[in-house]
Amino acid sequence: MAKARLLMTGFGPFGDVSRNPSGWIAEQLAQVSPEGLQVTSQVLPVTFEGAPAVLERFVNAHESPAPRALLSLGVHPRPGFCLESRARPRPTSKSVDNAGLVGFQGNPTSIQLKDRSPSFDVAALHKTLSLDDVSISTDAGGYVCDWVFQHLLAHGQRLAIPALFLHVPPFDQATEEHLLEVTSRVAHALANL
Ligand code: PCA
């Protein structure tokens, strides 16, 4: 059977995160492509302006033939993993990005900014995973991850494929093996919706 193609993004360093597990996982899974999946990955910059622009170029470059699903990853400062179920229309965080900016200052984006949620039942996906340290979150943080999720969901809608954001724990809260295992399980579940 042909492998399901999945586009995956992670982020590079920012703030006091010198090694971002999200970018690392995305690159690793593109190299090893877990069974049944063909992962193509992109590391995004942690900037309100750059991240959606790089995401758009990445999705546009790989949207034909259409991938099965889109999965974006980011790190949060907690143990455990979160399936994000809601994206805010605009950033609300007061933290500066890697360009030294707070929030989105650029030209209006090409998408309609609104409250967005995945097109599928996140609770049902969560249930099929049945992993102890994965929970559902309704707050993607209001920072660059939330902003990327807003754009990712718009791309998913346009391509009529599922899109999801997964927050992962920092390297000092989970082993590399566990980070890869849980993310692979989420990617599989998403690609098999
Ligand atoms: N985490 C940040 C941005 C990049 C990342 O990995 C966030 O949660 O918004």
Could you list, in sequence order, all residues of region 137-193 that are more than 18 Å from Phe120 (Cβ to Cβ) and of a type in the set (A, V, I, L, M)? Val144, Val148, Val168, Ala174, Leu179, Leu180, Val182
Scan Arg19, Arg57 and give me the residue that is basic (Lys, Arg) and touching a residue at least 40 places away in the same chain (Cβ under 8 Å). Arg19
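I'm trying to understand the selection: among the residues of region 76-102, which are within 29 Å of Val186 (Cα to Cα) and touching a Phe, Trp or Tyr at 6+ places or on another chain (Cβ under 7 Å)?
Once the filter is applied, which keeps residues that are within 29 Å of Val186 (Cα to Cα) and touching a Phe, Trp or Tyr at 6+ places or on another chain (Cβ under 7 Å), region 76-102 yields Glu84, Ala87, Arg90, Pro91, Ser93, Ser95, Asp97, Asn98.
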Checking Val43 against (1) away from the ligand (no atom under 13 Å from the Cβ); (2) in a strand (DSSP E or B), only one condition comes out false. Which one? (1)
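Tally the residues that are farther than 19 Å from Leu83 by Cβ and either within 15 Å of the ligand (Cβ to nearest atom) or touching a Lys or Arg at 6+ places or on another chain (Cβ under 9 Å) (or both), restricting the search to region 24-40. Before the answer, list the steps.
From region 24-40, those farther than 19 Å from Leu83 by Cβ are 24, 27-28, 30-33, 35-36, 38, 40; that's our starting set.
Okay, now just the ones that are also either within 15 Å of the ligand (Cβ to nearest atom) or touching a Lys or Arg at 6+ places or on another chain (Cβ under 9 Å) (or both), so 24, 27, 33, 35-36, 38, 40.
The qualifying residues number 7.
Here are some residues: Pro67, Pro21, Pro34, Pro77. Which one is modelled with pLDDT of 95 or more and under 14 Å from Leu179 (Cβ atoms)?
On the way: Pro67 fails: under 14 Å from Leu179 (Cβ atoms); Pro34 fails: modelled with pLDDT of 95 or more; Pro77 fails: under 14 Å from Leu179 (Cβ atoms).
Within the list Pro67, Pro21, Pro34, Pro77, the selection yields Pro21.
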Single condition Leu37 does not satisfy, out of (1) under 15 Å from the mean Cα position of the chain (by Cα); (2) crowded, with 18+ Cβ neighbours inside 10 Å; (3) in contact (Cβ under 8 Å) with a residue 60 or more places away in the chain: (1)
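Give the residues of region 137-151 that are of a type outside the set (Phe, Trp, Tyr) and either within 14 Å of the ligand (Cβ to nearest atom) or surrounded by 22 or more Cβ atoms within 10 Å (Cβ to Cβ) (or both), sorted by residue number.
Step one: list which residues in region 137-151 are of a type outside the set (Phe, Trp, Tyr), which gives 137-142, 144-146, 148, 150-151.
Matches in region 137-151: Ser137, Asp139, Ala140, Gly141, Gly142, Val144, Cys145, Asp146, Val148, Gln150, His151.
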State yes or no: is Thr109 touching a helix residue (DSSP H, G or I) at 6+ places or on another chain (Cβ under 7 Å), more than 27 Å from Glu181 (Cα to Cα) and hydroxyl-bearing (Ser, Thr, Tyr)? yes
With respect to the numbered conditions (1) farther than 21 Å from Gly12 by Cα; (2) at pLDDT below 95, which one is the sole condition not fulfilled by Gly103? (1)
Those residues of region 63-93 which are surrounded by fewer than 17 Cβ atoms within 10 Å (Cβ to Cβ) and farther than 18 Å from Leu129 by Cα, in sequence order: Glu63, Ser64, Pro65, Ala66, Pro77, Arg78, Pro89, Arg90, Thr92
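If you check Thr92, Thr138, Thr109, which single one turns out to be under 17 Å from the mean Cα position of the chain (by Cα), more than 27 Å from Gln38 (Cα to Cα) and hydroxyl-bearing (Ser, Thr, Tyr)? Full working, then the answer.
Values: Thr92 fails: under 17 Å from the mean Cα position of the chain (by Cα); Thr109 fails: under 17 Å from the mean Cα position of the chain (by Cα).
Going through Thr92, Thr138, Thr109 in turn, just one is under 17 Å from the mean Cα position of the chain (by Cα), more than 27 Å from Gln38 (Cα to Cα) and hydroxyl-bearing (Ser, Thr, Tyr): Thr138.
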Here the residues within region 171-188 that are over 17 Å from Asn20 (Cβ atoms) and either without any contact (Cβ under 8 Å) to a residue 60 or more places away in the chain or crowded, with 21+ Cβ neighbours inside 10 Å (or both) are Glu177, Glu181, Arg185, Val186, Ala187
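Just to check your reading of the model, which residue among Val168, Val96, Val122, Val134 is surrounded by 14 or more Cβ atoms within 10 Å (Cβ to Cβ), within 11 Å of the ligand (Cβ to nearest atom) and either modelled with pLDDT under 95 or among the aliphatic types (A, V, I, L, M) (or both)?
Val168
The values are calculated or read from the model by the stated rules, or taken from the named source; none is laboratory data. All values derive from a computational prediction rather than experimental measurement. Cβ sites come from the backbone with ideal geometry, for glycine too, and all protein chains shown count toward neighbours.
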